[in-house]
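Please see the structure below; I have some questions.
The values are calculated or read from the model by the stated rules, or taken from the named source; none is laboratory data. These numbers were taken from a predicted model, which means no experiment stands behind them. Note that we place each Cβ from the backbone using ideal geometry, even for glycine, and neighbour counts take in every protein chain shown.
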Amino acid sequence: MLLAVSPAEGLTLSIPSRLSSEVIEAAKTIWPDQVIAEKITANALEIIANVNKSNFVFFSGKSSRGLIGGLFYLLGFRYDAAKKQTELAEKLGTTDVTIRDSYRKWLNEFPDLFRDVIGKFEENEKGSNCLQSNDKNSHFQNEDVF
């Protein structure tokens, strides 16, 4: 298991533990509706724990803000509480480019975890006709299409 050490306290924390408090606080800040924030928090923590078990190197070299931002972007669609990449970036103290790169990495590495979200992207694309491409990942190429 990949571990992070906090020298100040002498504690050893797994990456999901390190992210847990950040996920909880960030969700409360981003979604004022407590019910939505709690659903997204629970789902995010479950996904992080499962990914850590199956592919812990996914977290290597990535900022927690980016990881959380990309995951929140996707989970916002899952729970019909989508936020713009720029809004997430502002609230998380990162950039929209980081959010965009992160959610694409989540989708590329773990597409089975986000089939419902991919379906929502595709439905929205068909409804708006905003993208005209045969590329199977074209619905992930534009920022804040939805």
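Among all residue pairs at least 6 apart or on different chains, which show Cβ distances below 7 Å where the first residue, located in segment 18-40, is in a loop (DSSP other than H, G, I, E, B) and the second is of a type in the set (A, V, I, L, M)?
Close Cβ pairs satisfying both conditions: Trp31/Ala37; Trp31/Ile40; Trp31/Ala81.
In this structure, does Asn52 turn out to be under 23 Å from Ala82 (Cα atoms), of a type outside the set (A, V, I, L, M) and in a helix (DSSP H, G or I)?
So Asn52 does not fit the description; no.
Also, I was wondering about something else. Find all pairs meeting these conditions: Cβ atoms under 8 angstrom apart; at least six residues apart or on different chains; first residue within segment 49-73 and without any contact (Cβ under 8 Å) to a residue 60 or more places away in the chain and closer than 21 Å to Leu88 by Cα; second residue of a type in the set (A, V, I, L, M) and loosely packed, with under 15 Cβ neighbours inside 10 Å.
Listed by first residue and then by second, the contacts come to Phe59/Leu2.
Separate question: So if I check each of Ile15, Ile48, which one is touching a strand residue (DSSP E or B) at 6+ places or on another chain (Cβ under 7 Å), aliphatic (A, V, I, L, M) and modelled with pLDDT under 95?
Answer to the check: Ile15.
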